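Here is the structure we will look at, set down as structure tokens.
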Amino acid sequence: MINLNDFRKNIYHNYGVKECPHYSEDGVIKKIFYEIGLESKPFTIEFGETRSLGTTTRAFRIGYLARAAYFVGNIDFYSKIFNIFDVLKTTLLTRDIKCLKFLTNMPFVFFVTPENIVDFFNNLIKKEGITKNSIDLLTIDIDSYDYYCVKELLVHKYKPRVFVVEYNPNLPINEALSYPNLKSPSNIPKNKKVYGASYLAMHNLMKSYGYELVHISGFCNLIYVRNEYSGIFTRPDINIEKPSSKEEIFKFVDLYCQKNFVPSWLNEPHLSDKELSFFEKV
């Protein structure tokens, strides 16, 4: 069986005008699809993404000249300009004029909620001419009610071949907790460690809908494949992969991330009992 830790490598992080955030997932994503193959029309979706070629999905997009749906709550003018130059630089680096087609497939503004996500996806796959099972790669990173968005897609039988979800490493590993789906946000704690869902919440959800965990990107992402591919890869251990101290976080950053990168929540205080009570048990 393949240990995906052996394929950690940043490949496309400098293909844009500005360095792309990275956790050494380029090599992991490439290896997964080398083993499981591609759909006839490679397609990826990434939530919360302002980069024209993606962040987590970047290796898939560039490596396979794949179509994509990238969307985020807001995109400023400078991001739009940088995205054009990202594509032009990538075209020069790859020496492949086909990359210019990315100019017609840029990130767009859409504010996703658990209430609108299924209708949005239904319209998206109809427009793209694909099915619920033929999405190659789906990444969700919205730093709030991610759990409920993932759950809605799974309940409505969306089954991407590879599903990447973010977890909050500041929450207890052995508790299933999620940022609540607030209809009218109020009294949200200011601590930047208040976001997303715990490892156990995400893991229980993904397992219950036929997914197997195959890679953990330190303090960031959990990468799952459909059960039909699970026999190819070894199972990572959250107790080993999740950094448990600042020293281990800095070690992970030195090995796999941008130089001097610091998670935005790193220097925030530990979550208090009151802050933990803000999360819902799921």
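The values are calculated or read from the model by the stated rules, or taken from the named source; none is laboratory data. Since the structure is predicted, the reported quantities are computational estimates derived from the model, not experimental observations. Positions of Cβ are generated from backbone atoms using ideal geometry, with glycine treated the same way; all protein chains shown enter the neighbour counts. Side chains included, ligands, DNA and RNA excluded: accessible areas come from the protein's heavy atoms. Shrake-Rupley method; radii C 1.70, N 1.55, O 1.52, S 1.80 Å.
Residues in the stretch 111-154 that are of a type in the set (Phe, Trp, Tyr), outside any helix (DSSP H, G or I) and closer than 22 Å to Lys41 by Cβ: 0 in all.
For the stretch 85-92, the count of residues that are within 22 Å of Asn10 (Cα to Cα), in a loop (DSSP other than H, G, I, E, B) and either at pLDDT 95 or above or out of contact with any Pro (no Cβ under 9 Å at 6 or more places or on another chain) (or both) is zero.
When the residues of the stretch 40-65 are narrowed to those that are among the charged types (D, E, K, R) and at pLDDT 95 or above, which ends up surrounded by the fewest Cβ atoms within 10 Å (Cβ to Cβ)? Even if it seems obvious, please write down each step before you answer.
Here is the first cut: in the stretch 40-65, the ones among the charged types (D, E, K, R) are 41, 46, 49, 51, 58, 61.
Now restrict to residues that are at pLDDT 95 or above: 46, 58, 61.
On the way: Glu46: 25, Arg58: 30, Arg61: 27.
Among those residues, the one meeting the criterion is Glu46.
Only one of the numbered conditions (1) open to solvent by less than 80 Å² (accessible area, probe 1.4 Å); (2) farther than 19 Å from Glu166 by Cα; (3) touching a residue at least 40 places away in the same chain (Cβ under 8 Å) is not met by Ala197, and that is (2).
Considering only residues in the stretch 249-267 that are assigned to a helix (DSSP H, G or I) and of a type in the set (A, V, I, L, M), the one that is farthest from His22 (Cα to Cα) turns out to be Ile249.
The lone criterion from (1) over 22 Å from Phe252 (Cβ atoms); (2) assigned to a helix (DSSP H, G or I) left unmet by Lys31 is number (1). Residues of the stretch 66-84 that are buried (at least 20 other Cβ atoms within 10 Å of the Cβ) and in a helix (DSSP H, G or I): Asn83 alone.
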